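Undergrad: Supplied in structure tokens, the structure appears directly below.
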There are 2 protein chains.
Amino acid sequence: MAADDDTLLVGVDGGGSGTRLLAQWHGRCVEVTGGPSGLGLGVTRAWHAILEALKKAQQALGLALPTTQCRLALGLAGANQSSWRDAFLQAAPRLAGLRLESDAFTTLIGAHQGRPGAIVALGTGSVGEALHADGRRSGVGGYGFPSGDEASGAWLGLRASRHVQHALDGRAAPDDFSRALCEAMSTLSPAPVTCAATLTHWLSSADQTRFAALAPVVIQHGEHPIAQALLQQAGEDIALMYRALDPQAQLPLALCGGLAHALEAWVPQGIKQQLVRPHGSSVEGALRLAGE
Amino acid sequence: MAADDDTLLVGVDGGGSGTRLLAQWHGRCVEVTGGPSGLGLGVTRAWHAILEALKKAQQALGLALPTTQCRLALGLAGANQSSWRDAFLQAAPRLAGLRLESDAFTTLIGAHQGRPGAIVALGTGSVGEALHADGRRSGVGGYGFPSGDEASGAWLGLRASRHVQHALDGRAAPDDFSRALCEAMSTLSPAPVTCAATLTHWLSSADQTRFAALAPVVIQHGEHPIAQALLQQAGEDIALMYRALDPQAQLPLALCGGLAHALEAWVPQGIKQQLVRPHGSSVEGALRLAGE
């Protein structure tokens, strides 16, 4: 069902670090950003961030519509968890339309313009999702830190931190890679990381975001045997995700997220011919769903 | 310096899950247990647990001595962190003697009866420590969950959980090993783990203790290619720790902790001839230090 002319179409991409909102009114589009709206942070906080961003977008468009004239499609982190999902939908204001999906699904819709395809999103975490020609959807990964999230930034950083551990206690020789990791760790906390004790302290307070901040160092040191092995494993893990999403390997695969570009080179040959650039972003995918 | 006859000698082994205390009076010994006294839980709580256990031990021996007649040596988890260490020592009551070490060091002293040697402790976490013939000490590992703790229970469980993730989303075929892991996970939480969503929920609330509870399943399924690869890697990691502790490979190596026996079989040949059984426990090591 297409939205009529008096409806503000709104797409939202929300996660633990922020919200992007794209609003469309009579052919005009604005994009605004706001605070976190991942459902893991609480339903009230998520709705607050979304409605604040909606207000901002209306201001930019010179509008002041009631929510009953707004049609929202949302791709939110945590939307797969049913209790969070139910609570979020229950707390919704009256709207012209509401559709809630995971941010992985809106990323998929944005990347392939709503057509069949597969994505592997590679940011702090990782997740894969596919839309098949028969309308069927499949998903893989998305289990989270620290056990899952293969090929993600947190995954790379967590594993790379082991090289520093080994370099500082004699299990490995210190080298440029371990020193660069120490330096990056030191800029991420008040205390410099110089020995096993300061490293233990850093590690004990590091979460997935902090580990993910080490991923660029791994990519920069891709020639180092340990970094290389990690990046190769990341490429294999991306291929494994794709093969689980589409065992016949017929769907185009778009790598999305902050690490997509850097990891493209590490995808094994057999999968490389399936790679396509994502057409659009998650928030664009959400806006497309709002207009359906 | 040997303790005189009117001193109660007390050894303490304390961690995050409990305290063991061994008290010796005129040749008689009692061992008692108490609440957690790892320094990570706070200095006040640690002293409370220790002094309660001391009271219990005195009752068992029929004594009621003031602390000024007690000579304590403690092997406590977290004693390596200097701020915790300082705070703990400052909060001490007046004693006939006080020595604070890490539980890794008292494990080492217990295992080799105070003589030169090396240990790798394999419990929920892992750590290695050595006392050299010249009195020098060296340590390795002990960086904690989730980035370190190689070959530990939490390390095995965390990695094995990936097989379940893959079996539940199509990256691997479900098999006896994945089913056994699911079953073990289900007994560790109110909700049974049957699909990707319930697994995600389990993983999001699992800490190192819960992951470590999966280690016996890995050991039982040692013939499964994934379990076998993990156990082999654990063996290699133990060897790497030993070689960092003692590059000349001259010290006897005792594996300690709950997984020591099961992982012995996976230690590579080159290291196997160094293996010895630990003579005594961490609390026995602490008592030995109290008597020095």
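Undergrad: Give the residues of region A:23-38 that are surrounded by 24 or more Cβ atoms within 10 Å (Cβ to Cβ) and farther than 20 Å from A:Ala91 by Cβ, sorted by residue number. So that I can check it myself, show each step before the final result.
TA: Narrowing region A:23-38 to residues surrounded by 24 or more Cβ atoms within 10 Å (Cβ to Cβ): A:23, A:37.
A:Ala23 - this is the single residue of region A:23-38 that is surrounded by 24 or more Cβ atoms within 10 Å (Cβ to Cβ) and farther than 20 Å from A:Ala91 by Cβ.
Undergrad: Go through region A:120-137 residue by residue and tally those that are within 13 Å of A:Ala244 (Cβ to Cβ) and hydrophobic (A, V, I, L, M, F, W, C).
TA: Looking only at that region, the number is 3.
Undergrad: Since A:Leu214 meets every condition but one in (1) within 13 Å of chain B (Cβ to nearest Cβ); (2) surrounded by fewer than 20 Cβ atoms within 10 Å (Cβ to Cβ), which condition does it not meet?
TA: (2)
Undergrad: For residues that are at pLDDT 95 or above and within 23 Å of B:Glu129 (Cα to Cα), scanning just region B:93-103, find the one that is surrounded by the most Cβ atoms within 10 Å (Cβ to Cβ). I'd like the intermediate steps shown before the answer.
TA: Residues of region B:93-103 at pLDDT 95 or above: B:93-101.
Now drop any that are not within 23 Å of B:Glu129 (Cα to Cα), which leaves B:98-101.
Values: B:Leu98: 18, B:Arg99: 16, B:Leu100: 19, B:Glu101: 23.
Only one residue tops the list, namely B:Glu101.
Undergrad: Looking only at residues that are more than 14 Å from chain B (Cβ to nearest Cβ) and aliphatic (A, V, I, L, M) in region A:117-139, which one is surrounded by the most Cβ atoms within 10 Å (Cβ to Cβ)?
TA: Checking each candidate, the answer is A:Ile119.
Undergrad: Here are B:Gln69, B:Gln81, B:Gln90, B:Gln113: which of them is modelled with pLDDT of 95 or more, within 30 Å of A:Trp202 (Cβ to Cβ), surrounded by fewer than 19 Cβ atoms within 10 Å (Cβ to Cβ) and not charged (D, E, K, R)?
TA: Numbers: B:Gln69 fails: within 30 Å of A:Trp202 (Cβ to Cβ); B:Gln81 fails: modelled with pLDDT of 95 or more; B:Gln113 fails: within 30 Å of A:Trp202 (Cβ to Cβ).
Answer to the check: B:Gln90.
Undergrad: Scan region B:236-247 and give yes if some residue there is more than 14 Å from chain A (Cβ to nearest Cβ), open to solvent by less than 40 Å² (accessible area, probe 1.4 Å) and out of contact with any His (no Cβ under 6 Å at 6 or more places or on another chain), otherwise no.
TA: No, region B:236-247 contains no residue that is more than 14 Å from chain A (Cβ to nearest Cβ), open to solvent by less than 40 Å² (accessible area, probe 1.4 Å) and out of contact with any His (no Cβ under 6 Å at 6 or more places or on another chain).
Undergrad: Next up: With (1) free of Cβ contacts under 8 Å to residues at least 40 places away in the same chain; (2) more than 14 Å from chain B (Cβ to nearest Cβ); (3) of a type in the set (Gly, Ala, Ser) as the list, and A:Ala254 as the residue in question, which single condition is left unmet?
TA: Tallying (1) free of Cβ contacts under 8 Å to residues at least 40 places away in the same chain; (2) more than 14 Å from chain B (Cβ to nearest Cβ); (3) of a type in the set (Gly, Ala, Ser), A:Ala254 fails exactly one: (1).
Undergrad: When you look at B:Val120, is it touching a Phe, Trp or Tyr at 6+ places or on another chain (Cβ under 9 Å), in the same structural domain as B:Leu230 (by TED's automatic domain parsing), among the β-branched types (Val, Ile, Thr) and over 18 Å from B:His279 (Cβ atoms), yes or no?
TA: Against the criterion (touching a Phe, Trp or Tyr at 6+ places or on another chain (Cβ under 9 Å), in the same structural domain as B:Leu230 (by TED's automatic domain parsing), among the β-branched types (Val, Ile, Thr) and over 18 Å from B:His279 (Cβ atoms)), B:Val120 does not qualify.
Undergrad: Here is a further query. What's the total number of residues in region B:1-17 that are open to solvent by 20 Å² or more (accessible area, probe 1.4 Å) and farther than 14 Å from B:Ala73 by Cβ?
TA: Residues flagged as open to solvent by 20 Å² or more (accessible area, probe 1.4 Å) and farther than 14 Å from B:Ala73 by Cβ within region B:1-17 amount to 5.
Undergrad: Test A:Asp149 against the stated conditions and say whether it is within 19 Å of B:Gly128 (Cβ to Cβ), in the same structural domain as A:Ala262 (by TED's automatic domain parsing) and among the acidic types (Asp, Glu).
TA: Considered against the rule, which asks whether it is within 19 Å of B:Gly128 (Cβ to Cβ), in the same structural domain as A:Ala262 (by TED's automatic domain parsing) and among the acidic types (Asp, Glu), A:Asp149 comes out as no.
Undergrad: Do we find a residue being touching a strand residue (DSSP E or B) at 6+ places or on another chain (Cβ under 8 Å) and touching a residue at least 12 places away in the same chain (Cβ under 8 Å) anywhere in region A:193-203?
TA: Yes, that holds for at least one residue.
Undergrad: Can you report the number of residues in region A:184-211 which are under 26 Å from the mean Cα position of the chain (by Cα) and surrounded by 13 or more Cβ atoms within 10 Å (Cβ to Cβ)?
TA: The total comes to 13.
Undergrad: Let me ask something else about it. One residue is enough: does region A:264-277 have a residue meeting the conditions closer than 22 Å to B:Arg171 by Cα and surrounded by 20 or more Cβ atoms within 10 Å (Cβ to Cβ)?
TA: Checked against the condition, which is being closer than 22 Å to B:Arg171 by Cα and surrounded by 20 or more Cβ atoms within 10 Å (Cβ to Cβ), region A:264-277 yields at least one hit.
Undergrad: If you go through region A:217-227, how many residues are under 23 Å from the mean Cα position of the chain (by Cα) and either within 12 Å of chain B (Cβ to nearest Cβ) or open to solvent by 60 Å² or more (accessible area, probe 1.4 Å) (or both)?
TA: 1
For (1) aliphatic (A, V, I, L, M); (2) touching a Leu at 6+ places or on another chain (Cβ under 8 Å), each residue gets a yes or a no:
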position: B:Val218; (1), (2): yes, yes
position: B:Gln233; (1), (2): no, no
position: B:Gln250; (1), (2): no, no
position: B:Val267; (1), (2): yes, yes
position: B:Gly291; (1), (2): no, yes
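Undergrad: Answer with yes or no whether A:Leu181 is of a type outside the set (Val, Ile, Thr), more than 24 Å from A:Leu259 (Cα to Cα) and open to solvent by less than 40 Å² (accessible area, probe 1.4 Å). Can you show your working first?
TA: Values: of a type outside the set (Val, Ile, Thr): yes; more than 24 Å from A:Leu259 (Cα to Cα): no; open to solvent by less than 40 Å² (accessible area, probe 1.4 Å): yes.
The answer is no for A:Leu181.
Undergrad: Would region B:140-162 turn up any residue that is open to solvent by 20 Å² or more (accessible area, probe 1.4 Å), free of Cβ contacts under 8 Å to residues at least 40 places away in the same chain and more than 9 Å from every other protein chain (Cβ to nearest Cβ)?
TA: no
Undergrad: Restricting to region B:163-189, name every residue that is within 14 Å of another protein chain (Cβ to nearest Cβ) and of a type in the set (D, E, K, R).
TA: Answer for region B:163-189, where residues must be within 14 Å of another protein chain (Cβ to nearest Cβ) and of a type in the set (D, E, K, R): B:Asp169, B:Arg171.
Undergrad: Could you tell me whether region B:91-103 includes any residue that is under 25 Å from B:Leu275 (Cα atoms) and either in contact (Cβ under 8 Å) with a residue 60 or more places away in the chain or in contact with a Cys (Cβ under 9 Å, 6 or more places away or on another chain) (or both)?
TA: yes
Undergrad: Can you confirm whether A:Leu230 is within 14 Å of chain B (Cβ to nearest Cβ), closer than 19 Å to B:Arg159 by Cβ, modelled with pLDDT of 95 or more and in contact with a helix residue (DSSP H, G or I) (Cβ under 6 Å, 6 or more places away or on another chain)?
TA: On the way: within 14 Å of chain B (Cβ to nearest Cβ): yes; closer than 19 Å to B:Arg159 by Cβ: yes; modelled with pLDDT of 95 or more: yes; in contact with a helix residue (DSSP H, G or I) (Cβ under 6 Å, 6 or more places away or on another chain): yes.
Yes; evaluated as a whole, the condition is true for this residue.
The values are calculated or read from the model by the stated rules, or taken from the named source; none is laboratory data. As the structure is a prediction and not an experimental result, all values here were calculated from the model. Every residue, glycine among them, receives a Cβ derived from its backbone with ideal geometry; neighbour counts consider all protein chains shown. For accessibility, only protein heavy atoms count, side chains too; no ligands or nucleic acids. Shrake-Rupley method; radii C 1.70, N 1.55, O 1.52, S 1.80 Å.
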